[in-house]
Amino acid sequence: MEACSGAHHWARKLRAMGLDARLIAANFVSPYRMEGKGGKNDMTDAAAICEAASRPSMRFVPIKTCEQQGVMSLHRVREGLKEERTACINRIRGVLAEYGLVFGQSPKRLRAVLADVIEDASNEMPARARLVVQRAFDHWRELDEHLHWCDQQVGQHVRASPEAKRAAKVIGIGELGASAVTASVGDFKQFTSGAQFGAWLGIVPRQNSTGGKASLGRITKRGDDYLRTLLIQGAKSAVMSAGKRDDPISRWLAQLVVRVGWQKACVAMANKNARILWAVMTREQGFDPQHVSVKPAAKQPAPAPAPQLCAA
């Protein structure tokens, strides 16, 4: 089946009946549609899915368990609450700006003065506008309570999951990233290497290579946007605090910022964290910031057999 809304539920039901249900990402199906973009319908989609599934190199979407989907629903609701809170704050700023009341961009600054602004009779806000701002301010505080509850649930998931505990100790991951990665990926052993896991997340450079000449561009941005965002945001905090630590990764980060700039260093750190996560989860070992990876030695060719001497 094509991976879409409800696909994981039906895949679990079909596997319970003894069928080999598999999910294919939509971007892997569309190239096999013979009619192209202008001929999309149920029949051509079904034919494209069958054609794509028959390819020996096709990569399938892992079927999530009910517990994994429950944790991911928590993250989705939390992201929606964040967007709603941002919209609420912007609405409050828009109303205040109509009466010449403009404050700093930080939500903390606005919250600190908002109650006094509503009660201040010297400004030109009418009574109806004060009621509107007060109601929006109450909604803002209610959203903060909902977000705090979501953060508590994420913390409980991390404390109850040994895999999430190990992931949370990686520099730049934290509880939120550890909870999302472990719930979304599930079995990290489905990837053959950390590089493949990074490519699945879309934080590797695009390639336009030919004739033996490598040409790398921006990151591919494939895979889950939410996981990639969490990795890059966590990498930004790691880069900003790299000067306060003395582990090999932090020293590498400090040198990288000087050499390629702050933004590229953040993306490089996110890619490194993806590889570290894969190693930590597949080997079931805790993260060691002082660990120095050693490249395995190349295999030496087997010695040629000695010539056999024939007796006279």
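The values are calculated or read from the model by the stated rules, or taken from the named source; none is laboratory data. Just so it is clear, the model here is predicted, and its values are computed rather than measured. Using ideal geometry, Cβ is built from the backbone for each residue, glycine included, and neighbour counts are taken over all protein chains shown.
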Flag for A235 being of a type in the set (A, V, I, L, M, F, W, C) and farther than 18 Å from P205 by Cα: no
Conditions (1) in contact (Cβ under 8 Å) with a residue 12 or more places away in the chain; (2) in a helix (DSSP H, G or I); number of the one not met by K264: (1)
Some residue of segment 183-196 being assigned to a helix (DSSP H, G or I), under 22 Å from I63 (Cβ atoms) and among the charged types (D, E, K, R): yes
Meets criteria (modelled with pLDDT of 90 or more and either of a type in the set (S, T, Y) or assigned to a helix (DSSP H, G or I) (or both)) for R55: no
Residue check, V77 of a type outside the set (G, A, S), outside the structural domain of S184 (by TED's automatic domain parsing), touching a residue at least 60 places away in the same chain (Cβ under 8 Å) and surrounded by 12 or more Cβ atoms within 10 Å (Cβ to Cβ): yes
Subset of segment 233-253 [small (G, A, S) and part of a helix (DSSP H, G or I)]: G234, A235, S237, A238, A242, G243, S250
Any hit, segment 15-23, residues being within 21 Å of L227 (Cβ to Cβ) and outside the structural domain of A180 (by TED's automatic domain parsing): yes
Segment 99-127 residues that are over 13 Å from I89 (Cβ atoms) and in the same structural domain as C88 (by TED's automatic domain parsing), paired with ones that are hydroxyl-bearing (S, T, Y) and exposed (fewer than 11 other Cβ atoms within 10 Å of the Cβ) (beta carbon under 8 Å, 6 or more apart): none
Counted residues, segment 137-168 - those being surrounded by 15 or more Cβ atoms within 10 Å (Cβ to Cβ) and among the basic types (K, R): 2
Single residue of G194, G186 found to be in contact with a Pro (Cβ under 7 Å, 6 or more places away or on another chain) and within 21 Å of G174 (Cβ to Cβ): G186
Conditions (1) modelled with pLDDT of 90 or more; (2) surrounded by 10 or more Cβ atoms within 10 Å (Cβ to Cβ); (3) not small (G, A, S): number failed by F287: (1)
Any hit, segment 149-161, residues being closer than 22 Å to R228 by Cα and among the acidic types (D, E): yes
Per-region count, segment 28-52, residues assigned to a helix (DSSP H, G or I) and free of Cβ contacts under 8 Å to residues at least 24 places away in the same chain: 14
Residue satisfying condition, being within 28 Å of A183 (Cα to Cα) and not hydrophobic (A, V, I, L, M, F, W, C), within set G100, G70, G94: G70
Residue in segment 85-98 that is buried (at least 16 other Cβ atoms within 10 Å of the Cβ), in a helix (DSSP H, G or I), free of Cβ contacts under 8 Å to residues at least 24 places away in the same chain and of a type outside the set (D, E, K, R) present: no
Residues satisfying the stated conditions in segment 197-251, i.e. surrounded by 13 or more Cβ atoms within 10 Å (Cβ to Cβ), farther than 23 Å from I24 by Cβ and of a type in the set (S, T, Y): T229, S237, S241, S250
